[in-house]
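The values are calculated or read from the model by the stated rules, or taken from the named source; none is laboratory data. It should be emphasised that the depicted structure is a prediction, and the values quoted were computed from it without experimental measurement. Positions of Cβ are generated from backbone atoms using ideal geometry, with glycine treated the same way; all protein chains shown enter the neighbour counts.
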Amino acid sequence: MAKIIRLERADPGRVFVDSGAWIAGLIRSDQHHARAVTLWEQLRREAVRIVTSTFVLDEVLTFTRYREGLPAARRLGESILRSSLVHLVDVDRHCVDRAWELFTANPDAEPSFTDCTSFALIERLRIGRVFTFDDDFRATGAELLR
């Protein structure tokens, strides 16, 4: 997929974390679990600012609740919401409008609307690195941590 967003002067001190990275770090049976744990440890050592969105949080908590149960979803939600290292960004109307542009711009691309909201935030916040196992994020032009 071609680069679809404008990423200029990216901030290397922040990393956007996608749903799959949160889930892989939690669920031991996930195919990316071992790599996710290693990357989480690396990010902690680097003391980077973790950025994620309210839409990503929704995906992660819903998936975790149905896959692992409410106690696991509660633990994960509390760890994200109470962390001083995680910056949770609201998906506002400006972000939704930009995501809609990205979502409808290329009929051959397959990112979800939630991914497009993430792309819009990565662009707006000039985030240079993304922790994800989703190939659709190549379109951001950011460095993918995987």
Condition set of a type in the set (Gly, Ala, Ser) and modelled with pLDDT of 95 or more, scope segment 115-142, selection surrounded by the fewest Cβ atoms within 10 Å (Cβ to Cβ): answer is Ala120
* Asked: With respect to Glu68, is the statement that it is farther than 16 Å from Val130 by Cβ, surrounded by fewer than 11 Cβ atoms within 10 Å (Cβ to Cβ) and either touching an Asp or Glu at 6+ places or on another chain (Cβ under 6 Å) or not basic (Lys, Arg) (or both) true?
  -> no
Would you confirm, using the coordinates I've provided, whether Glu59 is of a type in the set (Asp, Glu), over 15 Å from Pro12 (Cα atoms) and modelled with pLDDT of 95 or more? yes
Criterion first (assigned to a helix (DSSP H, G or I), free of Cβ contacts under 8 Å to residues at least 60 places away in the same chain and not hydroxyl-bearing (Ser, Thr, Tyr)) does Arg138 satisfy it? no
* Asked: Are any of the residues in segment 33-56 surrounded by 15 or more Cβ atoms within 10 Å (Cβ to Cβ) and over 23 Å from Phe119 (Cβ atoms)?
  -> yes
Glu78 meets each of (1) within 24 Å of Gln31 (Cβ to Cβ); (2) surrounded by fewer than 20 Cβ atoms within 10 Å (Cβ to Cβ) with one exception, condition (1)
Does at least one position in segment 113-130 carry a residue that is among the aromatic types (Phe, Trp, Tyr), assigned to a loop (DSSP other than H, G, I, E, B) and closer than 21 Å to Phe63 by Cα?
no
> Any residue in segment 84-92 that is free of Cβ contacts under 8 Å to residues at least 24 places away in the same chain and at negative phi?
Replying inline: yes
